[in-house]
Structure formats: structure tokens, C-alpha cells
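This report concerns only the one structure given below.
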């Protein structure tokens with residue numbers, strides 16, 4: 001199997017957290033200078049909230065703020 | 001690709017890269033998250049919105065033949081075009097589109113193994129401009145209903161030997177603990193599952209990078225639950241899209257002959273008056 005590219009400028013990152021008793025996956029990556037974050041429920045994996053920003057932290061915080069309101 | 005029953009229906013991300021300039025190949029992204037395409041997509045790919053372009057939201061149905069022909073033609077897809085579908089979430093809705101294309105008789109339709117996740121993981125090229133293909137003529141066949149289960153098919157299968165119902169939802173949906181996963185709108189009146197169904201989560205078919213597991217791994221998962229190739233298999237989930245991925249896995253990767261997708265799924269069965277359920 002091919003190994004994923006890990007270029008720092010737009011590395012795809014994923015981590016799991018539990019928010020308000022809901023298990024979620026926080027995915028973030030960069031495309032053309034903009035960082036995107038999707039927060040998905042673990043199963044089935046549908047996007048609950050999304051955010052974007054000039055850096056990863058901004059994109060993630062915007063998405064997480066929405067998640068706290070929605071789950 | 002492994003020893004899948006129908007390897008011609010699956011392509012790698014590298015194959016897609018090699019065929020980006022191939023005039024007979026049209027790549028289409030179909031996502032759960034309908035805004036993902038706009039972030040960036042495979043160069044030249046078309047974006048389809050499953051909710052507005054692949055659903056008849058008045059009838060609660062797949063799109064009609066006329067609309068399907070218009071969608072295909074407007075996407076630059078002719079009857080002999082190779083269509084490569086990919087999307088987020090392990091090709092969840094890409095498989096749903098695959099199911100519809102097969103119902104309308106499109107000959108050459110394939111999934112990109114690993115979908116959008118693998119493309120991003122590999123750092124492959126993306127573009128943000130929406131593709132503007134030249135419109136072509138497309139003629140669809142009559143719907144192949146043998147690929148689709150309706151509620152009467154499910155009723156008639158209850159308690160019958162030789163039929164396997166596969167509920168691909170999460171364990172908490174299967175047990176009735178929850179009516180729908182967090183953050184998703186479609187729900188129902190009752191929780192639980194169709195009597196006799198086996199719970200085999202749709203996501204069990206995929207590796208961490210979104211690619212499909214090997215045939216041997218898939219067989220171990222399904223056969224352990226008694227879902228064997230000699231059975232008539234009906235897959236279902238909540239609205240029929242997760243189960244279309246399991247339908248694809250069973251039919252095209254594992255080679256099961258008789259597999260149909262019940263797209264009414266739990267949002268239909270869980271609301272039906274008098275329909276038996278188990279918890």
C-alpha cells in the first residue's frame with residue numbers, strides 16, 4: 001500500500017475527541033492557502049460542523065464552536 | 001486490486017492521475033458534505049450534490065429518467081463514457097451514485113478506491129474552479145429494479161431461509177438506543193432494527209486510508225455473521241446511502257450474485273405502522 005504524503009503545508013490531520021458525550025473525529029487540512037476543518041460523528045462519519053481560516057487553529061476552533069452548539 | 005470479483009469497477013488514485021486528460025473519462029465527486037467539492041477537488045472533476053441532483057425530494061425517490069439523462073449529459077457524460085466516482089467518507093455517497101448509475105444501465109462506472117480522503121492524504125493536486133464540460137446527449141435505460149428493494153420485498157423476506165438482511169448502521173442505531181446519529185436530521189418514530197437483521201457496519205469494509213479491505217478480510221466479516229454468497233442479501237441503513245456502499249462491496253468486490261439495496265431503510269421501516277421490529 002502506498003504511504004500517504006505528509007507535506008507539511010497541507011498535511012491531513014485527524015484526531016478523535018468526545019464532546020458532550022458524542023464521539024467525533026476532527027479532520028483538518030489545507031488547500032490553496034486556506035485551512036479547513038470538518039468535525040464528523042464517528043459513525044457514520046457525517047460532517048456535523050465545519051470551519052475554515054488562515055491557519056489550522058482558527059479553522060478548528062470555528063468548527064468546534066459549532067459542534068458544542070449542535071451535539 | 002486484490003482479487004476482487006469485479007476489479008474493473010475500482011480504480012486507484014494513481015490511475016485517476018494518469019487519466020486526467022483522458023477524454024473518455026469523467027471524474028465526479030459526490031460527497032456527504034455537499035460543500036466539500038468547493039474547497040478543492042480532483043482537477044477537471046464534476047461535482048454532484050446528492051440532495052438536490054440525485055434525489056427526487058418530492059417523491060422521496062431516486063431521480064427520474066429524464067432528470068438523470070439531463071444530469072449525465074450536462075456533466076459531459078455520454079453512454080460510452082467511463083465514469084469514475086469518488087467522495088468523502090469512504091465513498092459513501094459516491095457508492096450511492098454508483099448504485100443509481102447501474103440502475104439506469106450505465107455500462108462503465110467505477111469508484112476511486114479511498115475516495116477524497118486518500119486523495120487528500122496523498123497530497124495530490126486539487127483545483128477549486130468548477131468544471132464546465134460540453135453538454136452531450138445521453139440516453140438512459142429503464143430502471144433496473146432488480147438492484148433495489150422496496151418495503152414489500154423486505155416484508156416478504158421476513159423469517160425466510162436463504163435471505164440475509166444486513167443492517168449497516170452503527171450499533172447504537174441497530175439496538176434502538178438512538179434514532180439517528182448525532183447531527184443528522186433524518187429520523188424516525190421507533191428505534192431498533194428489522195427482525196433477523198445482522199449488524200455489519202458499513203465502515204468495516206474500509207481501511208484507515210479509506211481504501212477497501214481485501215476479499216479475504218471482507219469475507220471474514222460477512223461470513224462470520226452468516227451472510228454468505230448463496231443467500232439473497234438485502235442491505236439497509238437509514239436512508240439507503242451507507243447501505244449502497246455495502247451493496248457495492250458485496251456485489252462487486254465479493255461477487256455475491258443476489259444483493260439488493262433497500263433505500264427506504266430505517267426512516268421508512270421505523271415509521272411504518274404495524275411493521276415488526278427488534279431491539
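Figures for the structure shown
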{"read-out": "Single condition residue B:131 does not satisfy, out of (1) closer than 22 Å to residue B:6 by Cβ; (2) outside any helix (DSSP H, G or I)", "value": "(1)"}
{"read-out": "Flag if residue B:94 is within 14 Å of chain A (Cβ to nearest Cβ), buried (at least 16 other Cβ atoms within 10 Å of the Cβ), touching a residue at least 12 places away in the same chain (Cβ under 8 Å) and within 15 Å of the chain's Cα centre (by Cα)", "value": "yes"}
{"read-out": "Among the residues listed as B:25, B:16, B:30, the single one being within 15 Å of residue B:110 (Cα to Cα), surrounded by fewer than 22 Cβ atoms within 10 Å (Cβ to Cβ) and touching a residue at least 12 places away in the same chain (Cβ under 8 Å)", "value": "B:25"}
{"read-out": "Hits in the stretch A:14-31 - residues which are in contact with a helix residue (DSSP H, G or I) (Cβ under 9 Å, 6 or more places away or on another chain) and more than 10 Å from every other protein chain (Cβ to nearest Cβ)", "value": "A:17, A:26, A:28"}
{"read-out": "Segments classed as helices (runs of 4 or more DSSP H), wholly inside the stretch B:178-279, with at least 2 members that are more than 20 Å from the chain's Cα centre (by Cα) and not assigned by TED's automatic domain parsing to the domain that holds residue B:54", "value": "B:215-223"}
{"read-out": "In the stretch B:1-30, the residues that are out of contact with any helix residue (DSSP H, G or I) (no Cβ under 8 Å at 6 or more places or on another chain) and facing chain A (nearest Cβ under 9 Å)", "value": "B:12, B:14"}
{"read-out": "Complete set of residues in the stretch A:43-57 that are facing another protein chain (nearest Cβ under 8 Å) and assigned to a loop (DSSP other than H, G, I, E, B)", "value": "A:43, A:44, A:45, A:46"}
{"read-out": "Inter-residue pairs, beta-carbon under 7 Å, first within 13 Å of chain A (Cβ to nearest Cβ) and in the stretch B:179-202, second surrounded by fewer than 18 Cβ atoms within 10 Å (Cβ to Cβ) and modelled with pLDDT of 95 or more, 6+ apart", "value": "B:200/B:221; B:200/B:225"}
{"read-out": "Subset tally (residues that are over 21 Å from the mean Cα position of the chain (by Cα) and at the interface with chain A (Cβ under 9 Å from one of its Cβ atoms)) for the stretch B:110-127", "value": "6"}
{"read-out": "Leading residue by the ranking (nearest to the other protein chains (Cβ to nearest Cβ)) among those in the stretch B:158-177 that are buried (at least 18 other Cβ atoms within 10 Å of the Cβ) and part of a loop (DSSP other than H, G, I, E, B)", "value": "B:170"}
{"read-out": "Count - residues of the stretch A:14-53 that are exposed (fewer than 14 other Cβ atoms within 10 Å of the Cβ), more than 28 Å from residue B:240 (Cβ to Cβ) and in contact with a strand residue (DSSP E or B) (Cβ under 7 Å, 6 or more places away or on another chain)", "value": "2"}
{"read-out": "Qualifying residue in the stretch B:63-86 (condition: within 14 Å of chain A (Cβ to nearest Cβ), at negative phi and under 17 Å from the mean Cα position of the chain (by Cα))", "value": "no"}
{"read-out": "Of all residues making up the stretch B:31-58, the number that are away from every other protein chain (no Cβ under 14 Å) and not in a loop (DSSP other than H, G, I, E, B)", "value": "7"}
{"read-out": "Where residue B:130 falls short, out of the listed (1) at negative phi; (2) away from every other protein chain (no Cβ under 14 Å); (3) modelled with pLDDT of 95 or more", "value": "(3)"}
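The values are calculated or read from the model by the stated rules, or taken from the named source; none is laboratory data. Predicted model, so just to flag it, every value in this text is computed and none were measured. Here the Cβ is made from the backbone with ideal geometry for all residues, glycine too, and neighbour counts use every protein chain on show.
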